[in-house]
Amino acid sequence: MIELRGIERHFQVGDERVHALNEVTLDLPSGDYVSVMGPSGSGKSTLLNVLGLLDRPDSGSYRLDDVETTTLIEEKRAALRRSHIGFVFQAFHLVPRLTAADNIGLPMMLAGAGPRARGARVREVLESLKLLARAQHRPDQLSGGQRQRVAIGRAIVMRPALLLADEPTGNLDRHAGSEVVALLESLNASGITLVIVTHDPAIGRRARRQIRMVDGRIESDSVDDAPV
Amino acid sequence: MRLSELLRFVTGSLIGARTRTLLMLLAMSIGVASVVVLTALGEGARRYVIDEFAQLGTHLLVMLPGRSETTGGAPPLFGETPRDLTLSDAMALPRHRSILRVAPITVGNAPVSYANREREVTVIGATHAFFPIRHLTIGSGRPLPMIDPERAVNVAVLGAGLRKELFGKQRPLGKWIRINDRRYRVIGILSSGGQSIGRNLDDLVIIPVAAAQSLFDTPSLFRVLIQARSQEDIPRAQAAARDTIRERHDGEDDVTIITQDALLDTFDGILRALTYTVGGIAAISLAVAGILVMNVMLVAVSQRVAEIGLMKALGAPDRQVLRLFLIESVVLAGSGAIFGLAIAGLGILALGQLFPSFPIAAPLWAPLAAVAVALLTGLLFGILPARRAARLDPVRALSRR
Ligand SMILES: Nc1ncnc2c1ncn2[C@@H]1O[C@H](COP(=O)(O)OP(=O)(O)O)[C@@H](O)[C@H]1O
Ligand SMILES: [Mg+2]
């Protein structure tokens with residue numbers, strides 16, 4: 001359960017003060033499926049970064065599972081990120097020298113999991129992503145769609161409750177994009193809270209709940225009771 | 001994160017940046033290798049000198065005329081000789097129990113000739129005792145006879161080199177050579193290859209001390225070599241010799257007595273200092289390598305901004321990122337050090353083959369210190385890049401394309 005109250009985020013760019021998030025208030029129940037749309041520069045990524053505890057709002061309150069996160073020390077926020085949150089990026093951000101399996105296992109390795117426990121879990125994830133045959137391939141040996149699936153595997157390997165995807169299909173063709181969306185939706189179907197930032201109305205419309213941002217504000221927040 | 005996995009991960013990143021890593025390893029290994037090889041050379045020089053001193057003789061004291069201001073230090077280079085050190089002074093010394101042998105010595109240069117060949121060489125006036133004291137061995141014939149040192153017998157022992165130059169293939173024993181205008185019968189030849197500090201034992205002739213004094217027309221001795229009976233007897237022999245001379249010189253303390261140990265200590269100290277200095281200078285190259293480590297790691301941080309941002313997004317705390325990059329520079333420096341040790345080992349081996357008589361060997365502390373300095377350098381110069389990595393803002397790091 002996520003509760004945002006009056007979140008403000010400003011950036012100083014030269015002489016100009018950019019209001020990236022303006023009075024954002026939002027509740028996300030567990031298991032929700034939310035798409036965030038809006039023009040470029042409207043604050044979508046900033047919202048996602050705040051949700052993912054990568055960015056700290058200038059003011060406002062963000063409670064994650066009843067824990068006030070804005071006052072936590074960085075170390076605690078990192079621990080919450082590790083256990084609660086998975087990120088999927090438009091640019092994939094796979095480590096080029098690591099194999100698909102090692103990329104997926106990276107969060108577990110950083111968390112101190114041993115090779116055996118990690119191997120078992122990574123195998124499980126690879127299987128669910130239908131990427132077992134690609135386990136030992138490095139990112140440059142994979143297609144765009146496969147790379148993004150590996151990145152999704154890495155995002156879920158720690159079994160997070162919240163999955164944040166910032167334009168996950170932005171670098172993919174239509175076919176690979178819809179595969180990735182289908183994968184994300186199946187994860188949501190198994191209980192994970194999913195927030196997708198997208199430019200593609202076709203993808204945005206698929207979400208149960210659709211948020212539209214303009215100039216750092218939530219302009220509309222509509223719930224579609226009859227999902228596709 | 002476990003240590004083994006940490007190392008594997010870090011090694012992976014290093015191998016990922018192959019050229020950079022290899023260049024770094026090269027710089028670091030050259031630094032370590034030069035520290036080890038240069039200190040090995042310094043240590044070799046020290047051992048060489050020590051060996052030479054040991055060959056001079058055992059439990060040796062050297063008495064020379066004139067009072068040195070610095071007791072037990074170097075012999076006086078200037079200053080007048082107040083009273084001659086005479087043969088009878090020397091002959092009075094062996095009465096003491098602590099003194100085993102005494103060899104009075106006179107030295108001069110003179111032309112030595114046989115038939116129509118002539119050479120200007122060092123002429124040493126000595127006694128029979130000179131041979132055992134200086135560990136001189138006879139190749140053929142006999143050493144100087146055991147006679148009263150006051151007797152000027154005209155016999156000579158030749159160095160092997162001089163023998164060859166004067167006699168060629170002829171047999172020298174029993175032949176008469178000329179020194180200045182006097183004639184001496186050759187009774188013995190030294191073994192060849194003798195080398196002593198500053199003096200080639202190949203090119204000299206040894207005659208009885210009384211004969212040399214008459215040849216050079218001097219009543220004074222150049223030196224008196226005194227061999228103590230044992231290591232413990234050295235100070236006793238020194239005191240006894242000093243007392244004897246003072247008694248004979250009307251209470252004047254006008255000789256200098258140098259013990260071999262004191263000389264050795266002086267040289268030992270100088271050469272050790274030299275070794276440390278050379279090692280220290282080489283260590284500067286390690287510091288330079290350290291600065292290179294820093295640069296390489298700074299480049300690594302800027303090239304891996306996205307990866308650092310990602311690690312943070314995946315929940316790696318700042319200090320874990322810091323540790324990863326610190327360990328990476330230490331591993332880099334450490335592997336460079338290991339390569340350096342290997343290079344140094346090969347270098348010392350090769351030098352040992354090239355100069356078999358030079359006792360080159362790295363003192364144990366040298367490789368240890370070099371590796372320690374290398375690791376410390378890696379750690380120290382790794383701090384700045386690692387902190388830069390740990391402080392990266394993940395949002396910016398990830399949004400940079
Ligand atoms: N780190 C930053 N520094 C300065 N300005 C930023 C930074 N991040 C975002 N912004 C600004 O904040 C506004 C919102 O950005 P963003 O959330 O990335 O928009 P969107 O993802 O909707 O395109 C933009 O005007 C952008 O230039
Ligand atoms: Mg964006």
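So here's what we get for this one:
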| item | result |
| --- | --- |
| Test: A:Asn188 is buried (at least 18 other Cβ atoms within 10 Å of the Cβ) and touching a residue at least 40 places away in the same chain (Cβ under 8 Å) | yes |
| Any chance A:Val13 is more than 16 Å from ligand 2 (Cβ to nearest atom) and exposed (fewer than 13 other Cβ atoms within 10 Å of the Cβ) | no |
| Residues that are near ligand 1 (Cβ under 9 Å from one of its atoms), away from every other protein chain (no Cβ under 14 Å) and not polar (S, T, N, Q), drawn from the range A:35-76 | A:Val36, A:Gly38, A:Pro39 |
| Filter result for B:Ala333 (assigned to a helix (DSSP H, G or I) and away from chain A (no Cβ under 14 Å)) | yes |
| Helices (runs of 4 or more DSSP H) wholly inside the range A:1-116 containing at least 3 residues that are closer than 30 Å to A:Ala202 by Cβ and modelled with pLDDT of 95 or more | A:44-51, A:100-110 |
| Some residue of the range A:187-206 being within 14 Å of another protein chain (Cβ to nearest Cβ) and either in a strand (DSSP E or B) or in contact with a strand residue (DSSP E or B) (Cβ under 7 Å, 6 or more places away or on another chain) (or both) | yes |
| Among residues of the range B:229-250, those that are closer than 29 Å to B:Ala152 by Cβ and of a type in the set (Gly, Ala, Ser), counted | 3 |
| From B:Arg95, B:Arg117, residue being more than 18 Å from B:Val224 (Cβ to Cβ) and out of contact with any Pro (no Cβ under 7 Å at 6 or more places or on another chain) | B:Arg117 |
| Tally of residues being facing chain B (nearest Cβ under 7 Å) and over 12 Å from B:Leu314 (Cβ atoms) across the range A:78-96 | 1 |
| Filter result (among the small types (Gly, Ala, Ser) and either under 21 Å from A:Arg159 (Cβ atoms) or touching a helix residue (DSSP H, G or I) at 6+ places or on another chain (Cβ under 8 Å) (or both)) within the range A:45-82 | A:Ser45, A:Gly52, A:Ala78, A:Ala79 |
| Answer residue from the range A:144-167, given it is crowded, with 22+ Cβ neighbours inside 10 Å and more than 14 Å from chain B (Cβ to nearest Cβ) and is nearest to ligand 1 (Cβ to nearest atom) among those | A:Gln148 |
| Cβ pairs under 7 Å, 6+ apart, first in the range B:294-309 and at pLDDT below 90, second of a type in the set (S, T, N, Q) | B:Met297/B:Ser329 |
| Flag for A:Ser30 being surrounded by 15 or more Cβ atoms within 10 Å (Cβ to Cβ), in contact (Cβ under 8 Å) with a residue 40 or more places away in the chain and either within 20 Å of A:Val88 (Cα to Cα) or within 16 Å of ligand 2 (Cβ to nearest atom) (or both) | no |
| Looking only at the range A:171-185, and only at residues there that are in contact (Cβ under 8 Å) with a residue 40 or more places away in the chain and over 14 Å from A:Ser35 (Cα atoms), the one that is surrounded by the most Cβ atoms within 10 Å (Cβ to Cβ) | A:Leu183 |
| Evaluation of B:Leu173 against (1) over 16 Å from B:Ala211 (Cβ atoms); (2) surrounded by fewer than 21 Cβ atoms within 10 Å (Cβ to Cβ); (3) under 31 Å from the mean Cα position of the chain (by Cα) (one fails), failing number | (3) |
| Residue that is among the small types (Gly, Ala, Ser), away from chain A (no Cβ under 13 Å) and within 23 Å of B:Ile105 (Cα to Cα), where the choices are B:Gly57, B:Gly42, B:Gly31 | B:Gly57 |
| Strands (runs of 3 or more DSSP E) within the range B:99-162 that include 2 or more residues aliphatic (A, V, I, L, M) and crowded, with 16+ Cβ neighbours inside 10 Å | B:99-114, B:117-126, B:155-158 |
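The values are calculated or read from the model by the stated rules, or taken from the named source; none is laboratory data. Treat the numbers as computed from the prediction; the structure is a model and nothing was measured. Every residue, glycine as well, gets a Cβ built from its backbone with ideal geometry; the counts of neighbours run over all protein chains shown.
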